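To start, the structure under review is shown below, and the notes come after it.
The values are calculated or read from the model by the stated rules, or taken from the named source; none is laboratory data. Keep in mind it's a predicted model, so treat the numbers as computed, not measured. Cβ: placed from backbone, ideal geometry, glycine included. Neighbour counts: every protein chain shown. These area figures cover heavy atoms from the full protein model, side chains too; ligands, DNA and RNA do not enter into them. Shrake-Rupley method; radii C 1.70, N 1.55, O 1.52, S 1.80 Å.
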Amino acid sequence: MQGKYAEARALFEQQNEPTAVATAWHQLGMVHQEAGDYDTAEAAYRKSLEILTQTDNRAGQASGLTMLGNLYDDHLNRPEEAVTFYRQAAEIYVALGDLRYEGVARNNIADTL
C-alpha cells in the first residue's frame, strides 16, 4: 500500500498538483500510523501540512492538525501537544464557519484533558 501512495505522490509532484501531493502524504501518514510506525507517520502528516499551508488550504490544514493531534494523543503520549493541534484545528474551523468540525475538534480537546 505504501508503494502505491509513493508512486501517486511522485506522479502528482511531476504534474505540479500540490493538493494531491499533500493528500498522498496524508494517506501515507495514515498507513504508517496504522502500521505502528509513528515517527514516519508524523513526518508524513507534517509534510502534508507544510504543503497545505503553502497553498493556503485551510480545511486541509485543519484535517492534518487533527490527525497530528490524534497521533500525539493516542500513540505518542503527548497530550499537551495534542491539545495544541486540536485548538489550532478548531480555530481554523471557526474561521471557515464549519461548526460541525469545530465541535469535533473541541470534543477532542475535552477528551484529551
Look at region 11-27 and say how many of its residues are within 26 Å of residue 95 (Cα to Cα) and either of a type in the set (Val, Ile, Thr) or open to solvent by 30 Å² or more (accessible area, probe 1.4 Å) (or both). 8
I'd like the full set of residues that are farther than 18 Å from residue 7 by Cβ and surrounded by 15 or more Cβ atoms within 10 Å (Cβ to Cβ), limited to region 28-42. 33, 37, 38, 41, 42
Hey, among the residues in region 85-110 that are free of Cβ contacts under 8 Å to residues at least 12 places away in the same chain and assigned to a helix (DSSP H, G or I), which one's least open to solvent (accessible area, probe 1.4 Å)? 103
Positions within region 57-79 being open to solvent by 20 Å² or more (accessible area, probe 1.4 Å) and farther than 21 Å from residue 36 by Cα, in sequence order: 57, 58, 59
Just to be sure I understand the filter: pairs with C-beta atoms under 7 Å, separated by 6 or more residues or on different chains, first member in region 30-42 and within 13 Å of residue 76 (Cα to Cα) and free of Cβ contacts under 8 Å to residues at least 40 places away in the same chain, second member open to solvent by 60 Å² or more (accessible area, probe 1.4 Å) and not charged (D, E, K, R). Which pairs pass? 38/75
Would you say residue 45 is in contact (Cβ under 8 Å) with a residue 24 or more places away in the chain, of a type in the set (Ser, Thr, Tyr) and surrounded by 22 or more Cβ atoms within 10 Å (Cβ to Cβ)? yes
